[in-house]
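A quick write-up on the structure given underneath.
What follows is calculated from the coordinates using simple rules that are stated; it is not laboratory data. Keep in mind that what you see is a predicted model, and the values were worked out from it rather than measured. Methodologically, a virtual Cβ is constructed for each residue, glycine included, from the backbone with ideal geometry; neighbour enumeration extends over all protein chains shown.
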Amino acid sequence: MRDDTSRHSADTRIRILDAAEVLFMEHGFDGTSMRMITGSAGVNLAAVNYHFGTKELLIQDVFRRRLTDLNKARLAVLDRMETEAAGAPLKPSRIVDAFFGTALRMAADVEGGGHTFMCLLGRTYTEPNEFVRKFLAEEYAECVERFLSALYRALPEVERKEILWRFHFMMGAMSYAIAGTDALQLVTGKFDDEEPARLAPRLMSFLLGGLRAPLADFGANP
């Protein structure tokens, strides 16, 4: 009986997380109510309160469920590459693939929920909520610091603040690309080239091009 109760409790928790993940992705944190979550998950408010307490704690668990594994996977790739390099700087392309390519591979997982999560992450990046952004900054801190350090070593001729800007641009480009082509269709009309397998090579080419582009000449007059 106790095992059945534990399984039921675990199933309920997963249903709530799954429902909240989709709703937060579709409506944002502020636009998603607890009533919407309970209705989608088929549970009552008491169940959400029991497992998570508040909406703020719920969205933290929604992010941790996949973001922790994503960042661990990124760091595992970086660790392996740095061990193989034996102290030599890594190629920028390999660093970019380890960080962004790992995320794109998660985004390709439609059946397992990876795509929904990456869309949620992208929405959070482009439509910030102060509480969520602060939480994500803490969750990302170790992983981003490691990757930025690798980029600084790989590109010693580029100012660190320039690398920070380009990393910021790359994060935005990835978020926008994963979110879909709705915005593009607003200005181009019908756009049906959305084959998931093409997204990663298309975006990686764009990201590497931006990273390697000549530095801006801020002294030039417009």
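Assorted remarks:
- A DSSP coil position with no more than 13 other Cβ atoms inside 10 Å describes the following GluC sites (Glu not before Pro) in the range 15-122: 111.
- Kyte-Doolittle at least 0.5, axis length at least 24 Å by Cα - qualifying DSSP helices, the chain: 196-212
- When the Cα gyration tensor is reduced to axis lengths a ≥ b ≥ c, the ratio a/c is 1.5 or higher for the range 74-124, and with a/b above b/c it is classed as prolate.
- Proximal charge balance of residue 133 [Cβ under 15 Å; K/R count +1, D/E count -1]: -4
- Between the range 47-65 and the range 76-94, the alpha-carbon centres lie 36 Å apart.
- Full-extension gain in nm, residue 64 to residue 140, via 0.36 nm per residue minus C-alpha separation: 26.3 nm
- Within a Gaussian network of the chain (alpha carbon springs, distance under 10 Å), most fluctuating of 170, 25, 34: 34
- Residue among 208, 17, 45 with the largest mean-square fluctuation in a Gaussian network model of the chain, springs linking Cα atoms under 10 Å: 45
- Sum of -39500 (n - 2.57) over DSSP H runs of 4+, divided by residues of the chain (222 nm, nearest 500): -24500 deg cm²/dmol
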